[in-house]
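Worksheet: the structure to be examined is printed underneath.
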Amino acid sequence: MEAVNIGLLGLGTVGGGTITVLKRNMEEISRRAGREIRVIAAAVRDVDKKRDFDTDGIVLTDRIMDVVNHPDIQVIVELIGGDGEVFDAVMTALDNGKHVVTANKALIASKGNAIFSKASEKGLMVGFESAVAGGIPIIKLIREGLSANQIEWLAGIINGTCNFILSQMTEKQREFGEVLREAQELGYAEADPTFDVQGVDAAHKLTILASIAFGIPLRFESVYMQGIDNVEPVDIAFADELGYRMKHVGISRRTDDGIELRVHPALIPKRSLIANVSGVMNAILIQADAVGQSMFYGPGAGSEPTASAVVADLIDVVRAFTTDPQNRVPHLAFQSDSLIDAPILDIVDIETCYYLRMKAVNRPGVMAAISAIFGETGISIDSILQKGHGREDEPVTIILLTQNTREKNLVRALERVEKLDTVRDKVVWIRVEQLS
Ligand code: NDP
Ligand code: HSE
């Protein structure tokens, strides 16, 4: 059978890995796909750049649309990033009758509804396995493997850069900026690394996971987002003493009032499997009614792990070339006319536990006053401890762990605590997730 011709947009970390994996494993890939998969053209920013992989047989251009409009190309693989110029490229590719594979979570999370609608109208496929959790086949797993289940919640370490930074800060007491630079050198970080450290990348991925888990449209604009750029080493150390690890997590849960969609740093009990996921590794914990709780673990970023998912999508696309579009797995797991636009919970309406660190003067009655405020606000304190033995009227650090409470109660209590004349500065607070 004739080879399938592919056009690549981008030959950077992931594009390079894709070329390398396709060439190295060409024979087995052809045996799996049923046809040879051949990259014939690629768009890059700088055609003269020296690349450390073999580009023989690939025509390079700096004009994206030359690849998208190439008459001999059947599948476009978008590995540039962003959601501006590449959105037009992907929509044009679909208009031209080409299937699309992309690793671009920003594009899928923010423009996926329009892209899938166009793809369905044209009877084309859009593969995006590599957009979430790098090498873990989590999209296929939720969309197909767990399709018998009602998913109750999922929680994941879904940004490799954040996990790499927090792991190095925890295990080696390294400084944030230095570790971020290393993550960039290793090809883990986004072109704009603020997307990683401010939680935007994890929010893109959570948007996609929640959509395929609960059958809701992609709702990136509704995700509550907090990054790791304000995490302080002192809280990592106190958490460790208390039996917790600091992780950056994405959580989505189905509740009677709506769906939680949130990414933020959280303290996770050390005994939990997910708390022990270190470095650039990712993991997604899923609670579903039939299967129970399962965790899926693997590399979350990097050249070949991500290419592994890109090429798997390519093989799926090639295998399904001749199938009736009506009988393909729906892009967002549920039939497009069965998606339900469920309400997304405001962050103040979520319920969880909290770690608080505050500075208060060392004086009799201070703890009692703080405890009284929590009691009056309906928040049960799990434990409270004073760190250090300051002299009377000198500031000491107080660490407090709450039991489950609604976030709006906590905010209300903290407004009162911070007004106490014995409490100094703002209270630092971090969500504690038991994930059980
Ligand atoms: P890189 O920055 O390494 O590569 C980007 C590529 O796009 C480069 O080859 C660059 O060309 C090319 N490019 C940029 N702008 C243009 C343009 N205007 N016209 C033509 N080509 C252009 O990015 P990554 O490979 O890391 O990421 C690619 C995508 O994959 C992103 O969407 C990212 O979010 C996603 N992703 C990345 C992962 C990772 O671990 N890195 C993991 C999972 C997903 P040139 O080489 O000439 O500069
Ligand atoms: N920048 C992303 C991360 C790449 O660190 O997880 C993988 O999506």
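The values are calculated or read from the model by the stated rules, or taken from the named source; none is laboratory data. Source: prediction; values computed, not measured. As a convention, Cβ positions derive from the backbone with ideal geometry for all residues, glycine included, and neighbour counts pool all protein chains shown. SASA here: full protein model, heavy atoms, side chains in, ligands and nucleic acids out. Shrake-Rupley method; radii C 1.70, N 1.55, O 1.52, S 1.80 Å.
Structure above, values below:
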item	result
Inter-residue pairs, beta-carbon under 6 Å, first over 13 Å from Ile76 (Cβ atoms) and in the stretch 4-18, second away from ligand 2 (no atom under 16 Å from the Cβ), 6+ apart	Leu11/Ala42; Leu11/Val44; Gly16/Phe53
Qualifying position, being farther than 19 Å from Gln74 by Cβ, more than 12 Å from ligand 2 (Cβ to nearest atom) and either assigned to a loop (DSSP other than H, G, I, E, B) or not polar (S, T, N, Q) (or both), among Ala119, Ala114	Ala114
Top-ranked residue in the stretch 335-362 [being among the charged types (D, E, K, R) and not in a strand (DSSP E or B); ranked as most open to solvent (accessible area, probe 1.4 Å)]	Asp337
Residue list for the stretch 149-169, filter: open to solvent by 10 Å² or more (accessible area, probe 1.4 Å), away from ligand 2 (no atom under 11 Å from the Cβ) and farther than 11 Å from Ile286 by Cβ	Gln150, Gln168, Met169
Output for the stretch 73-84, where each listed residue is more than 23 Å from the chain's Cα centre (by Cα) and either open to solvent by 10 Å² or more (accessible area, probe 1.4 Å) or farther than 22 Å from Phe321 by Cα (or both)	Gln74
Single condition Arg271 does not satisfy, out of (1) in contact (Cβ under 8 Å) with a residue 12 or more places away in the chain; (2) under 22 Å from Ile142 (Cα atoms); (3) over 18 Å from the mean Cα position of the chain (by Cα)	(2)
Filtered residues of the stretch 183-235 (kept if within 12 Å of ligand 2 (Cβ to nearest atom) and at positive phi)	Gly187, Gly199
Of all residues in the stretch 43-58 being in contact with a helix residue (DSSP H, G or I) (Cβ under 9 Å, 6 or more places away or on another chain) and hydrophobic (A, V, I, L, M, F, W, C), the one that is surrounded by the most Cβ atoms within 10 Å (Cβ to Cβ)	Ala43
Candidates Glu407, Glu376, Glu394 - the one that is at pLDDT 95 or above and surrounded by fewer than 17 Cβ atoms within 10 Å (Cβ to Cβ)	Glu376
Condition check for Asn104: closer than 20 Å to Ala307 by Cα, without any contact (Cβ under 8 Å) to a residue 40 or more places away in the chain and of a type outside the set (Lys, Arg)	yes
Looking only at the stretch 139-148, and only at residues there that are in contact with a helix residue (DSSP H, G or I) (Cβ under 7 Å, 6 or more places away or on another chain) and open to solvent by less than 60 Å² (accessible area, probe 1.4 Å), the one that is nearest to Gly199 (Cα to Cα)	Ile139
Odd one out for Arg245, checked against (1) modelled with pLDDT of 95 or more; (2) within 16 Å of ligand 2 (Cβ to nearest atom)	(2)
Filter pass, Asp83 being over 30 Å from Ser272 (Cβ atoms), within 13 Å of ligand 1 (Cβ to nearest atom) and in contact with a Leu (Cβ under 6 Å, 6 or more places away or on another chain)	yes
Top-ranked residue of the stretch 170-195 - restricted to ones that are within 12 Å of ligand 1 (Cβ to nearest atom) and not in a helix (DSSP H, G or I), ranked as surrounded by the most Cβ atoms within 10 Å (Cβ to Cβ)	Tyr188
Residue that is nearest to ligand 2 (Cβ to nearest atom) [pool: residues in the stretch 54-85 that are more than 24 Å from Ala191 (Cβ to Cβ) and free of Cβ contacts under 8 Å to residues at least 12 places away in the same chain]	Asp56
Given (1) in contact (Cβ under 8 Å) with a residue 24 or more places away in the chain; (2) away from ligand 1 (no atom under 15 Å from the Cβ), index of the condition Ala202 fails	(2)
Every pair of residues 6+ apart whose Cβ atoms lie under 7 Å, when the first sits in the stretch 296-325 and is among the acidic types (Asp, Glu) while the second is within 16 Å of ligand 1 (Cβ to nearest atom)	Glu304/Gly17; Glu304/Thr20; Glu304/Val21; Asp313/Val101; Asp313/Gly127; Asp313/Glu129; Asp313/Ser130; Asp316/Gly127
Meets criteria (more than 31 Å from the chain's Cα centre (by Cα) and within 17 Å of Gly127 (Cα to Cα)) for Val4	yes
Per-region count, the stretch 135-169, residues away from ligand 1 (no atom under 15 Å from the Cβ) and in contact with a Ser or Thr (Cβ under 7 Å, 6 or more places away or on another chain)	3
Some residue of the stretch 165-182 being touching a strand residue (DSSP E or B) at 6+ places or on another chain (Cβ under 8 Å) and over 30 Å from Gly388 (Cβ atoms)	no
Any hit, the stretch 297-316, residues being under 27 Å from the mean Cα position of the chain (by Cα) and more than 30 Å from Gly7 (Cβ to Cβ)	yes
Given (1) buried (at least 16 other Cβ atoms within 10 Å of the Cβ); (2) away from ligand 2 (no atom under 16 Å from the Cβ), index of the condition Gly16 fails	(2)
